[in-house]
């Protein structure tokens, strides 16, 4: 019997790492001289998967967003996972921005991955299983070629490779 190998392609964000990144950002915001007087406030909601930023001006909101993005990158969270909304007036001089955290792979994204793999003519099979794509093949080299293909592809969303068997 021929042995088959497989792995799963997912698009996940660790909420614990996101919480850690936000906490680091809050510490930095409190100690930065250029953000004094901005009344910057950052709230992370792991249930809704959002980060809310409030500050006394749009330039302060953008500065806080950049700090959060840098902290997330240092913690291994892709910038593609953070979808920053437009700054909006909240009342008085206060400006609010909501950053949505993209966690999970949508059906269209899974279809894009399977089409990309199919078009590459590699001898592997793909299956969409909920919010992940399973890739199976008879050769580990083919599976590694798929990983290389997806890392070099411009997908506009982050992917991770798990459960290599």
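So, R0 is 35 Å and r is the distance between the beta-carbons of residue 119 and residue 70; what FRET efficiency does that work out to, to 0.05?
Details: r = 36 Å, r/R0 = 1.02.
Step by step, r from the Cβ atoms, then E = 0.45.
With a 10 Å Cβ neighbour count serving as the proxy for reagent exposure, in which order, fewest first, do 59, 156 appear?
The order, fewest Cβ neighbours first, is 156, 59.
Applying 1/(1 + (r/R0)^6) with R0 = 22 Å to the Cβ-Cβ distance of residue 32 and residue 103, what FRET efficiency is obtained, to the nearest 0.05? Walk me through the numbers on the way to the answer.
Numbers: r = 29 Å, r/R0 = 1.30.
Taking R0 as 22 Å, the efficiency between residue 32 and residue 103 is 0.15.
Take the eigenvalues of the Cα gyration tensor for region 15-101, scale each by 5, and report the square roots as semi-axes in whole Å, largest first.
20, 15, 10
Could you work out how much longer the chain between residue 163 and residue 56 gets when fully extended? Use 0.36 nm per residue separation minus the Cα distance between them, nm to one decimal.
Here the segment from residue 163 to residue 56 would lengthen by 33.9 nm.
Computed from the mean reciprocal separation of all distinct C-alpha pairs, what Kirkwood hydrodynamic radius does the chain have, in Å?
Working: mean 1/r = 0.0563 Å⁻¹.
Averaging 1/r across every pair of different Cα atoms and inverting gives 17.8 Å.
Report relative contact order for region 50-141 in percent, whole number only (criteria: Cα-Cα under 8 Å, sequence separation at least 6).
Values: 109 pairs, mean separation 22.4, N = 92.
In percent, rounded to a whole number, it is 24.
Normalised by the residues of region 15-101, what does the relative contact order come to in percent, with Cα pairs under 8 Å and at least six apart?
It comes to 31 percent, rounded to a whole number.
What ranking do 33, 5 get, fewest neighbouring Cβ atoms within 10 angstrom at the top? Show your work: numbers first, answer last.
Numbers: 33 5, 5 17.
The most exposed by this proxy come first: 33, 5.
Counting helices only, and only those DSSP H runs with n ≥ 4, report the 222 nm mean residue ellipticity of the chain as the sum of -39,500 (n - 2.57) divided by its residues, in deg cm²/dmol to the nearest 500. Write down the numbers at each step before the final one.
Details: 4 runs with 60 residues, N = 165.
Theoretical 222 nm ellipticity from helices: -12000 deg cm²/dmol.
Give me the angle, in degrees from 0 to 90, between the Cα long axis of helix 107-119 and the longest principal axis of the Cα atoms of the chain, rounded to the nearest 10.
40 degrees
Let me know the Rg and Dmax you get for region 98-165 when you use only its Cα atoms, in Å.
12.3, 45
Roughly how many nanometres apart are two label points built 7 Å out from the Cα toward the Cβ at residue 139 and residue 23?
4.7 nm
Of 117, 162, how do they rank once you tally other Cβ atoms within 10 Å and put the fewest first?
Details: 117 21, 162 10.
Result, fewest neighbours first: 162, 117.
For helix 140-152, what angle does its Cα long axis make with the longest principal axis of the chain, in degrees from 0 to 90 and rounded to 10?
Roughly 30 degrees, rounded to the nearest 10.
Here, each number is a calculation from the coordinates, and none is a lab measurement. All of these numbers come straight from a predicted model, not from anything done at the bench. Every residue, glycine as well, gets a Cβ built from its backbone with ideal geometry; the counts of neighbours run over all protein chains shown.
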